[in-house]
Structure formats: C-alpha cells, structure tokens
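The values are calculated or read from the model by the stated rules, or taken from the named source; none is laboratory data. A quick note: this is a predicted structure, and the numbers were derived from the prediction, not measured. Ideal geometry is used to build each Cβ from the backbone, glycine not excepted, and the neighbour counts take in all protein chains shown.
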Amino acid sequence: MSDNLGSETRPLRVAIIGSGPSGFYAAEGLLRSGLRVKVDMFEKLPPPFGLVRYGVAPDHPKIKKVTRVYEKTGKKEGFEYFGNVNIGEDLSVEDLKQHYDAQIYACGAQTDRQLNIPGIDLPGSYTATEFVAWYNGHPEYIDREFDLNQEIAFIIGQGNVAMDVARILAKTVDELKNTDIAQYALEALAKSKVREIHLVGRRGPAQTAFTPPEIKEFGELAACDPVVKPEDLVLNETSRQELEDPKFREKKRNYEILKGYSEGGTHEKPKKFLVHFFRSPIELVGDGKLEKVIFCKNVLVGEPGRQKAKFTDERVEIKGGLFFRSVGYRGVPIEGVPFHDAWGIFPNTDGRIEGAPGFYAVGWIKRGPSGVIGTNKADSIATVKGLLADLPDLIPCPKPDTGAVSEILKTKGVAVVTFADWGKIDAAEIANGKKVGKPREKFVTVKEMLRVIEK
C-alpha cells in the first residue's frame, strides 16, 4: 500500500495494453488527472490507433481525423509508446507487475464470434474481420485471399461492419482509388465479378444495428442500386411500438430510408445491394466450395426492445459462392489475465478486472463490441476514475523503472517503435500516398515500417 503514489517523488506508473481509441482516452484521462503519472502504452504492431487505422473503412476518412487528438496525447510529458511489442510474448503480465502499479487493458475484441452451422468452413466462407483487415493493409492479413470471382455475395449481420464490407464490394475502383485502401486490395477489387450483395439480418427492419448515414450511402453509389422488398418491411405491433420510442430514433430513421428504397428506383445499375430481414443461415452447401446458402425464415417474439428471432419451418435457398459473417466480435485471452470465455471479455466490475487487483479494462474488452469510437471516451474516463479512487489500495511495483522495461526488450531483440518513430512512418506513408493521389499509402509489412525508421 502507498500514500504517495501519484506524487512528485513517486509518480503513479500505469501500463496501457492496446493503442486504439479506448487506450488513448485512458492515457489522456490519467495525464490530465492532476497527479504525477507515467503512462507507458504497449502495442503489438508498430503503428498506433488500432481500429481507427485497421478497422474504419478507407472511404470514411473523416472518422480517422480523431487520431489528431491521440497524437497530442502521444506527445505529452509522461507518455511513452512501445510499438511492435506483444504483451504475452515479448513481455509477460508478470513482467508488467514488476514495473507498473496498475495495468489497463485496451486490447479490444480482436476476433469474430463463431457461426456454428454446417458448411461454415467451406471455401468461399470468410469472416468480416479478416476482409476488413485485408483491405485496410493489416500486416497479419495481407496474404488472405478472397474468391471475388463469384457473382453473388452474402453478408450475415446488419451492423456497421457488415455495411462496410457490403459497400467496399459495391463501389467502383474510381470510388475507392483516392482512399487509403491497400493497393493490393484495390487491384483485386478491380477484377471482382460480384454483382449481387445480399445483406441478411435475423430480425426485422426495426432492429437494424447500422446507423442512418451507413444505409443512406447506398442510395448514392455510382454503380449499385439498393433493393428492398416491401413485404420485408411489414412490422408487427411490437416493432411499431419500438419505432415510436424516442430511444430508437436512429432505427426509425433507418426504417424510413429502407422504405424509400422499397418504393422507387428503376434498378438499372450493374450491381444490386439487396437487404433481407427475418432470415438466419442454417447451412452452407457445396461440393468442395460454397455453392448455395439455406436460410430459415424467422418471426419475432418478446417485449419491445427485447424481441428475439424465432425459427419457423419455412426455408429459402439462394445460390452464391461468397459468404461473410459479421455476427459479433470477442476478445482474445492473455495469459495471466482473467478471461470470461462465454462473453469474450475480461470479466470486470466498472472496469476493475475481477480477481486481479490493479488490473483494469476499457473499451470492447471491458463491455463487449458496442458503441462507436466516441463511446470509448466516457467508458475509459470511468475506468480511470475507478483506478484513481483505488490509489490508496494499489500495491506499488517493486521496480518503478521504464528503462528496465526497455532493457528487457533490448535483450530479447525486440525492435521497439517509439512515438517519434511512428511519426517517421506516418510522414513516409503520407508522402507515398501523395504520389498516387491518396491520403496515404500504408506500409503493409512490419519489415517495411522498421526499414523507414532505420534510415
């Protein structure tokens, strides 16, 4: 126990694992606390910013401007960045305990939830996460291959990630070429034969999880028409009640946009974006590769705001060879940190990880995959407040020395990327992008990034 943690003589030392929005908001909260705090942030990849860099769609550049706020935090006194450092491999959780008074986990929900149905592993079936990481130039996904020779694609799920996947498949090369999409992905998409994109949800048009701007964009595409069948928009009484609730204002706006798509349009563009409701995939069928998907038609049961999809006996088959699942995301365990396997999070109470004093969680690894980038600010600040309230009970680490951490990594041969190093990578990407009319041309391998720093 310590009464002077956070003082000039003994700064509070906090390790933040993960450099996405929730990690940077936590760092900002600590550095603005009025206490003397030393924040060291650890990131598996050389670049910071997590899902802002590798998750936000390349054709949504405005969302990425939030990194300017994080860059200010990264340059503050008391902050140090350790990029290209994998916690659990390069440094253990026990190593961190030796050098930090508290640990904040901001490592997100890095993998997809499973869709356990027959045929899910057939060639032609993929996760949305791997496709998004691939077109965004994530070093661990650049070698993925997707069968874009298929004319019909299915996307299961109706959140914003599902919409991103659908939109990237629907857009022309001219609509994507001036974004920061990975060049290899742009070249592959230029040869794509996809002409029908089916977005499928298990519930109805009153329960959509995407936001109004996402669905509205499909009415503005150069070569793709949105198609919604009027019969798919028929609501039960409970759904009508939901749409009249002010809490569901966005869902009501979604419904109005969908209704507009169902009422007009000649559908003369070469590609079609078809939105389906009340359907769940129950089997993927094919001889050696995906050839068709069998869907079960659903009905909704339950109270307003809590309706669930219930299978009926009715089945629908649609031929097609490309399938993406976007049915939710879950965290990945780290040795030494409690993990709730069923929920896919680090079990916590108000951000305090259960059974691990001095361990905290923020963002999706804390609450599950919900909300948008801005949601993480209040979430992270709440966890930081809890940590600061716990200050009298924190056990000071035995070796409060960042230099010792650097020495461990040096001994292991880890090429640590500092925030100044990231600045060099950033500048080189922007310069390379300018040559081809893009905001940046990302380096897509760690080797390329390290080479820039070594110059």
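Could you pull out every one of the helices (runs of 4 or more DSSP H) wholly within region 139-195 that has 3 or more residues that are surrounded by fewer than 21 Cβ atoms within 10 Å (Cβ to Cβ) and of a type in the set (A, V, I, L, M)?
Correct list: 183-190.
Scan region 121-146 for residues that are at positive phi and without any contact (Cβ under 8 Å) to a residue 24 or more places away in the chain and report the count.
Within region 121-146, residues that are at positive phi and without any contact (Cβ under 8 Å) to a residue 24 or more places away in the chain number 0.
Looking at (1) over 23 Å from the mean Cα position of the chain (by Cα); (2) farther than 27 Å from R10 by Cα; (3) modelled with pLDDT of 95 or more, find the lone condition where D390 falls short.
Condition not satisfied by D390: (2).
Name the one entry in I408, I430 that is surrounded by fewer than 18 Cβ atoms within 10 Å (Cβ to Cβ), in the same structural domain as L96 (by TED's automatic domain parsing) and out of contact with any Ser or Thr (no Cβ under 9 Å at 6 or more places or on another chain).
Step by step, each of I408, I430 is checked, and only I408 is surrounded by fewer than 18 Cβ atoms within 10 Å (Cβ to Cβ), in the same structural domain as L96 (by TED's automatic domain parsing) and out of contact with any Ser or Thr (no Cβ under 9 Å at 6 or more places or on another chain).
I'd like the full set of residues that are surrounded by fewer than 23 Cβ atoms within 10 Å (Cβ to Cβ) and not acidic (D, E), limited to region 14-36.
Those that are surrounded by fewer than 23 Cβ atoms within 10 Å (Cβ to Cβ) and not acidic (D, E): L31, R32, S33, G34, L35, R36.
In region 73-80, is there at least one residue being of a type outside the set (D, E, K, R), within 21 Å of W364 (Cα to Cα) and part of a strand (DSSP E or B)?
No, region 73-80 has no match at all.
Kindly indicate whether any position in region 264-281 is touching a residue at least 40 places away in the same chain (Cβ under 8 Å), assigned to a helix (DSSP H, G or I) and of a type outside the set (A, V, I, L, M).
No, every residue in region 264-281 fails to be touching a residue at least 40 places away in the same chain (Cβ under 8 Å), assigned to a helix (DSSP H, G or I) and of a type outside the set (A, V, I, L, M).
Would you check if there is a residue in region 268-276 being surrounded by fewer than 15 Cβ atoms within 10 Å (Cβ to Cβ), at pLDDT below 95 and in the same structural domain as D147 (by TED's automatic domain parsing)?
Taking every residue of region 268-276 in turn, at least one turns out to be surrounded by fewer than 15 Cβ atoms within 10 Å (Cβ to Cβ), at pLDDT below 95 and in the same structural domain as D147 (by TED's automatic domain parsing).
On the given criteria, is M1 among the aliphatic types (A, V, I, L, M), farther than 19 Å from G137 by Cα and modelled with pLDDT under 95?
yes
With the requirement that a residue be hydroxyl-bearing (S, T, Y), surrounded by 15 or more Cβ atoms within 10 Å (Cβ to Cβ) and free of Cβ contacts under 8 Å to residues at least 24 places away in the same chain, what does region 355-405 give you?
Listed by number, the list holds a single entry, T375.
What is the number of the single condition among (1) in a helix (DSSP H, G or I); (2) out of contact with any Pro (no Cβ under 7 Å at 6 or more places or on another chain); (3) in contact (Cβ under 8 Å) with a residue 60 or more places away in the chain that P46 does not meet?
(1)
Condition test on V337, is it modelled with pLDDT under 95, β-branched (V, I, T), closer than 30 Å to I353 by Cα and surrounded by fewer than 16 Cβ atoms within 10 Å (Cβ to Cβ)?
no
If E441 meets every condition in (1) within 24 Å of P357 (Cβ to Cβ); (2) in contact (Cβ under 8 Å) with a residue 12 or more places away in the chain apart from one, which number is that one?
Condition not satisfied by E441: (1).
Considering only region 95-131, state which residues are out of contact with any Asp or Glu (no Cβ under 9 Å at 6 or more places or on another chain), more than 23 Å from W364 (Cβ to Cβ), outside the structural domain of L284 (by TED's automatic domain parsing) and not in a loop (DSSP other than H, G, I, E, B).
Matches in region 95-131: D95, K97, Q98.
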